[in-house]
Amino acid sequence: MDRRNMLKVFSGAGAGLVAAPGPLAQAQETARRGMPPLKITDVKAILTQPDSDHLVVVKVMTSEPGLYGVGCATHRERPLAVAAYIDNYLKPFAVGRNCDEIEDLWQSAYVASYFRSGVTGNNALSGIDGALWDILGKRCGQPLYNLLGGKVRAAVPLYAHASAREFPALEDQVRKWMAEGYRHVRVQLAVPGYAGYGVRADTAPEIRKMRPEGVAPSPVFEPTPYVNNAIKMFEQLRARLGFDVELLHDIHERIPPNQAIQLCKAVEPYRPFFMEDPFAPEDAAWFRTLRQQTACAIAMGELFVNRNEWVFLVAERLIDFIRIHISAAGGLNMARKVAACCEFFNVRTAWHGPGNVSPVGHAVNLHLDLAAYNFGIQEQNVFPERTREVFPGAPEIRGGYMYANDKPGLGIDVDEKAAAKCPYQTPGGSRGNDRRLDGTIVRP
Ligand code: MG
């Protein structure tokens with residue numbers, strides 16, 4: 001539809017010299033004249049790897065020539081499965097349907113597979129869902145945050161990553177981010193001799209010697225040295241930096257529940273902004289025990305794919321921040337409801353936002369962050385130039401904040417020619433290489 005006509009209708013222009021029609025008559029006239037049904041004509045999964053991560057984005061074409069939308073469907077570890085789901089199931093399901101019926105398309109696609117809430121289907125649905133919201137924004141001539149209720153903040157505060165093998169380098173990184181205007185920094189310090197999450201570190205020969213006979217070679221992770229090291233890291237950082245900078249840390253569900261509780265209790269005096277993923281989703285009932293023992297702020301949930309995994313955590317106020325990876329949970333249409341649900345319990349959002357969320361997914365995060373009252377913090381990813389070439393309009397970062405470009409819809413595009421120049425190097429990444437000394441697999 002012609003955007004000028006649309007704006008005319010929205011502004012009430014052209015009401016004429018006779019008596020102005022009432023709101024209902026105006027809406028009927030809008031429906032009759034201004035919003036002809038717009039059909040989905042094609043759905044395309046685009047696979048690209050401009051940097052290290054395997055990205056999946058979706059382009060939805062419409063019956064209005066030149067009008068299309070983009071959405072994020074990135075599951076870095078299983079991208080080909082998501083693309084096959086889109087090509088074989090959601091594309092035939094969506095083509096021919098009305099672009100405006102976002103909710104109905106989401107709900108009907110959600111149950112069409114009968115078995116539901118799986119990560120592959122959620123990501124595939126997120127790609128189409130995001131594109132439909134993008135299309136709606138473009139039709140209305142409005143950035144998406146306005147369709148979500150409008151901005152409640154000018155820009156989105158970010159947290160940066162600091163990770164190092166040695167403490168002095170970690171402190172330097174935190175100070176560097178602070179000097180750039182950041183007030184929130186995630187800190188991850190290598191455990192001497194061991195592998196760990198969030199920082200590249202090799203297993204020392206003396207640690208390897210402690211393994212029993214017959215263990216296949218792998219990096220070694222052990223919970224106790226990690227917990228001891230993390231507590232010491234917080235103690236040293238607060239001694240050197242004071243308490244004005246907000247420090248965050250990701251446990252990444254790697255340790256037994258009782259040790260996660262010990263860790264959160266031990267760092268409580270150092271007042272982390274949050275401790276992330278102390279338990280695996282499978283151990284979520286442990287949050288009841290944790291909450292009774294410490295006031296340490298808790299963020300949880302980048303692996304959540306099913307509402308039943310997290311609703312009780314919110315309703316019982318067992319966590320402080322929800323950390324869902326939006327595409328893995330079903331996309332923007334689901335995430336806007338997650339945010340609304342959390343607001344009623346004063347749980348804040350901290351959407352997952354590293355490099356395995358595509359720039360389109362970061363744009364979704366951005367629009368929700370701008371419009372959600374109960375926003376908490378946003379994880380940042382600084383996209384390399386090559387990635388920005390594939391995704392023109394990617395959210396911009398300045399001085400610790402992420403900004404929207406205020407273009408209609410998500411404000412981001414995918415350059416298919418540039419994407420084609422960055423094909424996958426492998427079928428997709430695998431996780432879970434670290435093992436304990438005795439050879440037991442460790443969660444990634
Ligand atoms: Mg995490």
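Summary of values
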| item | result |
| --- | --- |
| Mean Cα-pair separation over length for the stretch 242-348, i.e. relative contact order, pairs under 8 Å, 6 or more apart, % | 22 percent |
| Length released on extending from Q425 to Y403, taking residue separation times 0.36 nm less the Cα-Cα span | 4.8 nm |
| The chain: angle of helix 359-371 to the longest principal axis, Cα-based, in degrees nearest 10 | 80 degrees |
| Hypothetical label at D104: residues of the stretch 49-80 whose amide nitrogen lies under 13 Å (7 Å Cα-Cβ projection) | none |
| Reachable lysines from K232, criterion Cα separation under 28 angstrom, eight or more residues apart if same chain | K176, K209, K265 |
| Share, in percent, of DSSP beta bridges within the stretch 156-410 that are antiparallel, nearest 5 | 20 percent |
| Cα centroid separation, the stretch 117-150 to the stretch 405-444 (Å) | 21 Å |
| Angle in degrees between helix 223-241 and the longest Cα principal axis of the chain, rounded to the nearest 10 | 80 degrees |
| When each of K44/K417; K91/K337; K59/K407; K59/K91; K337/K407; K59/K138 is checked by Cα-Cα distance, pairs over 20 Å | K91/K337; K337/K407 |
| Residues T440 and F312, FRET efficiency given R0 of 30 Å [Cβ-Cβ distance, rounded to 0.05] | 0.55 |
| Angle in degrees between helix 119-140 and the longest Cα principal axis of the chain, rounded to the nearest 10 | 40 degrees |
| Beta bridges by DSSP in the chain, antiparallel share as percent, to the nearest 5 | 45 percent |
| Gaussian network model of the chain, springs between alpha carbon atoms under 10 Å - residue of P217, P50, P269 with greatest fluctuation | P217 |
| Estimated distance in nm for a label pair at L241 and R153, the labels positioned 7 Å out from Cα along Cα-to-Cβ | 1.8 nm |
| Mean separation of Cα contacts under 8 Å, 6 or more apart, over the residue count of the stretch 147-295: relative contact order % | 19 percent |
| At R0 = 35 Å, FRET efficiency that the Cβ-Cβ distance of E180 and D415 yields, to 0.05 | 0.75 |
| Unit charges on C-beta of K, R, D, E only; dipole of the stretch 156-410, Debye | 140 debye |
| Neighbourhood net charge (10 Å Cβ-Cβ; Lys/Arg +1, Asp/Glu -1) for E316 | +3 |
| Neighbour-count ranking [beta-carbon atoms within 10 angstrom, fewest first] of I207, I135 | I207, I135 |
| Contour minus Cα-Cα distance for V95 and T289 (0.36 nm per residue) | 65.0 nm |
| Computed [θ] at 222 nm, deg cm²/dmol, the chain (DSSP H ≥ 4; -39,500 (n - 2.57); rounded to nearest 500) | -10500 deg cm²/dmol |
| Spin-label pair Y373/D172, simplified geometry with 7 Å Cα→Cβ offset, distance in nm | 4.6 nm |
| Positive-pole candidate from V70, A230, C140, dipole of the chain, charges at beta carbon | C140 |
| Whole-number percent relative contact order across the chain, with pairs defined as alpha carbons under 8 Å at least 6 apart | 21 percent |
| Electrostatic dipole magnitude of the chain [Cβ: Lys, Arg +1; Asp, Glu -1; Cα centre; debye, to 20] | 400 debye |
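Throughout, read-outs are computed from the coordinates displayed, never taken from laboratory work. Predicted model only: the values in this text are computed from it and were never measured. Neighbour counts run over all protein chains shown; Cβ positions are idealised from the backbone, glycine included.
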